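Only one structure is covered here, and it is reproduced in the block below.
The values are calculated or read from the model by the stated rules, or taken from the named source; none is laboratory data. For clarity, every value in this text was computed on a predicted model and none was experimentally measured. No Cβ is skipped: glycine too gets one built from the backbone with ideal geometry, and neighbour counts run over all protein chains shown. Quick note on the areas: whole protein, heavy atoms, side chains included, nothing else; ligands and nucleic acids left out. Shrake-Rupley method; radii C 1.70, N 1.55, O 1.52, S 1.80 Å.
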Amino acid sequence: MHKTPLGSSMSAFRVAMSSIAGFMRSKILQNDSDTVGVLLYNTRDKKNSIDAAAVHVLFELDTPDVHRILKIESFASEESTFGTEIGSARQQCAFNEVFWIASTMFAKGAPRLARKRLFLITNNDNPVCLRDNPAIEDKMQLVATRTRLQDLRNVHVEVDVFAIDKSRTERFDFGRFYFKVANLILDAGPDIKAIPAEENFKELHSRVQLKEFRKRTAFRVPFCFGNDLEIGIKAYYVLMEAKKPTPVKLDSRTNREVESQTSLVCSVTGQMLLPADLKYYYELGGTKAVFTKDEVAAIKTFGTPGMLLFGFQDVSDLKPKHNLKPSLFVVPDESQYIGSSSLFAHLHKRMLDRKKMAICRLISRKGTAPRMVALVPQAAGIDPFGYAQHYGFNMIVLPFGDDIRSSTFTGDAAPSGLLDSFNQILRQVLDADHPFQLHDVPNPVIEKHQATLEALALGRDVIQEPVDRTLPNDEEIHNQVGELLLQFQAMCDDGVASPVATAAPAAGRRARVC
């Protein structure tokens, strides 16, 4: 962990400390009630509850504060500080004792937390080997480690492994240990990938950031196939817009949060009104039709929450224009009906083999309008960004007929020569060594907001200005397609191209012609 690989400027240990510091800073901004602890193993000094060798509990479970963050940042900036205060051991510790101490930390510091997670950052692919012969596996320690991992699972502690390659040539081998305990570790399937040593392990930062956000269930409903056959399903949002935290109003005198209370008062009598005293009306023909709150709720009810299967279509029938909203990911839910996973898996396999999608009607919760959705099967594997993807259905919310409108075009189409030139530009951009990736463009406004809050919380005078990746990189564009763009511009200036067909301008706007 302390060696700097060839081609990198930082060791895996420093990158790990930097990722932990960033994780703790985000916890201060997102949820100040979350607790974070740090445990180091294979250390020279020992500090733990069971007096185990080579295990140092740097911080017990507690809410992150300025002192803890600055301590982790000092290890990330100066590795010699860690060597002086704690140091590294010459021999490996007993790996099962690491999880035993972690279990003790959870039991003492977080007995009632809704979610407990253990992040294991390591580049050692065989932590249960014999101390005098690292090439041989210690069978007794392997059994003991499996037992400790099972104990953590029994108390609902999720274990996530962040495996790191030692170098470009020495890769992390999951088969030596972690595949043997894959059922006890999240995302430890055959498709899991280690974090490469290239580019200063920057992927470690992104993976840790992904784990900051908990998968929130959008809804849980029964999936009805007809003839009283139902299974339980639940859906998660795949993408959500990042927003600034909701501002909190504070009392200027006590600096405490202000609690707001709303009271309803009759404008005629001045008496306090109860919710039952309120009525709703809809004016029709000059007459007010009055409704109670329960009657309004009944009008908005279209049926009990659930999803009803209508039929199947080819996946090729689904067009990009049909995806107007962020999709959801559907998985089975055994808590509603036992055996849901089995039928779900059979349906998923048959649809995947036949390249079919299911058309369903969805009422996600009581009081919501029904929507038509398409369930597109997704096989388990690795997504285009290099992360593990699970098997399930991508739920596409289909648009209504009025949502898709045809546009009226005027003018002549562009000539084929101009189209060929521009298609060549697009192919060059897509085939570049570093093609454009949407997930690489963070929101600069939110980043600046978080940097300001971090500086305020840590007492820093200088605010680190984030890089605005929404601005075009002129140098990179010039290197990739500079000559092609000049040729395209020359074709336009020479009059080869006629005005491109544009949509009819709306009222108050001028039509733009390329």
Criterion (free of Cβ contacts under 8 Å to residues at least 12 places away in the same chain and more than 16 Å from Leu458 (Cβ to Cβ)) met by exactly one of Lys47, Lys3: Lys47
Segment 67-80 residues that are over 12 Å from Ser11 (Cβ atoms), paired with ones that are surrounded by 12 or more Cβ atoms within 10 Å (Cβ to Cβ) and of a type in the set (S, T, N, Q) (beta carbon under 8 Å, 6 or more apart): Glu73/Ser18; Ser74/Thr81
Selection count where residues are open to solvent by less than 90 Å² (accessible area, probe 1.4 Å), in a loop (DSSP other than H, G, I, E, B) and either modelled with pLDDT of 80 or more or of a type in the set (Asp, Glu) (or both), scope segment 449-464: 1
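Here is a yes/no grid of residues against (1) at pLDDT 90 or above; (2) farther than 19 Å from Met24 by Cβ; (3) open to solvent by less than 30 Å² (accessible area, probe 1.4 Å); (4) among the hydroxyl-bearing types (Ser, Thr, Tyr):
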{"site": "Thr104", "(1), (2), (3), (4)": "yes, yes, no, yes"}
{"site": "Arg112", "(1), (2), (3), (4)": "no, yes, no, no"}
{"site": "Ile121", "(1), (2), (3), (4)": "no, no, no, no"}
{"site": "Arg146", "(1), (2), (3), (4)": "yes, yes, no, no"}
{"site": "Ile185", "(1), (2), (3), (4)": "no, yes, yes, no"}
Failed criterion for Phe106 (all others in (1) part of a helix (DSSP H, G or I); (2) under 22 Å from Ile164 (Cβ atoms) hold): (2)
Hey, Val467 hydrophobic (A, V, I, L, M, F, W, C), in a helix (DSSP H, G or I), at pLDDT 80 or above and open to solvent by 70 Å² or more (accessible area, probe 1.4 Å) or not: no
Residues that are modelled with pLDDT of 80 or more and hydroxyl-bearing (Ser, Thr, Tyr), drawn from segment 470-505: Thr470
Residue in segment 375-382 that is at positive phi and assigned to a strand (DSSP E or B) present: yes
Among (1) open to solvent by 50 Å² or more (accessible area, probe 1.4 Å); (2) modelled with pLDDT of 85 or more; (3) outside any helix (DSSP H, G or I); (4) not charged (D, E, K, R) - the single one Thr84 does not satisfy: (3)
Restricting segment 1-49 to residues that are part of a loop (DSSP other than H, G, I, E, B), touching a strand residue (DSSP E or B) at 6+ places or on another chain (Cβ under 9 Å) and of a type in the set (Ser, Thr, Tyr), the residue that is most open to solvent (accessible area, probe 1.4 Å): Ser49
Pairs where the first residue, in segment 349-365, is in contact (Cβ under 8 Å) with a residue 12 or more places away in the chain and the second is surrounded by fewer than 17 Cβ atoms within 10 Å (Cβ to Cβ) and part of a helix (DSSP H, G or I), C-beta under 9 Å, 6+ apart: Met351/Val315; Lys355/Val315; Lys355/Ser316; Lys356/Val315; Lys356/Arg350; Met357/Val315; Met357/Asp317
Conditions (1) hydroxyl-bearing (Ser, Thr, Tyr); (2) open to solvent by 60 Å² or more (accessible area, probe 1.4 Å); (3) out of contact with any strand residue (DSSP E or B) (no Cβ under 6 Å at 6 or more places or on another chain); number of the one not met by Tyr337: (3)
Matching residues in segment 381-422 - criterion: being polar (S, T, N, Q), surrounded by 11 or more Cβ atoms within 10 Å (Cβ to Cβ) and at pLDDT 75 or above: Gln389, Asn394, Ser421
Selected residue (criterion: least open to solvent (accessible area, probe 1.4 Å)) from residues of segment 470-497 that are of a type in the set (A, V, I, L, M), part of a helix (DSSP H, G or I) and closer than 22 Å to Pro415 by Cα: Val481
Within segment 199-312, strands (runs of 3 or more DSSP E) holding 1 or more residues that are modelled with pLDDT of 85 or more, in contact with a Leu (Cβ under 6 Å, 6 or more places away or on another chain) and open to solvent by less than 100 Å² (accessible area, probe 1.4 Å): 217-226, 229-237
Among (1) of a type in the set (A, V, I, L, M); (2) in a helix (DSSP H, G or I); (3) open to solvent by less than 20 Å² (accessible area, probe 1.4 Å); (4) closer than 24 Å to Ser33 by Cα, the one test that Val57 misses: (2)
Breaking point among (1) over 27 Å from Asn126 (Cα atoms); (2) surrounded by 15 or more Cβ atoms within 10 Å (Cβ to Cβ), for Glu78: (2)
Per-region count, segment 87-97, residues open to solvent by 40 Å² or more (accessible area, probe 1.4 Å) and either at pLDDT below 90 or β-branched (Val, Ile, Thr) (or both): 4
Selection count, segment 281-315, where residues are closer than 20 Å to Met372 by Cα and of a type in the set (Ser, Thr, Tyr): 2
Qualifying positions in segment 344-372 - open to solvent by 60 Å² or more (accessible area, probe 1.4 Å), assigned to a helix (DSSP H, G or I) and not basic (Lys, Arg): His346, Leu352, Asp353
Test: Ile446 is at pLDDT below 85, β-branched (Val, Ile, Thr) and in a helix (DSSP H, G or I): no
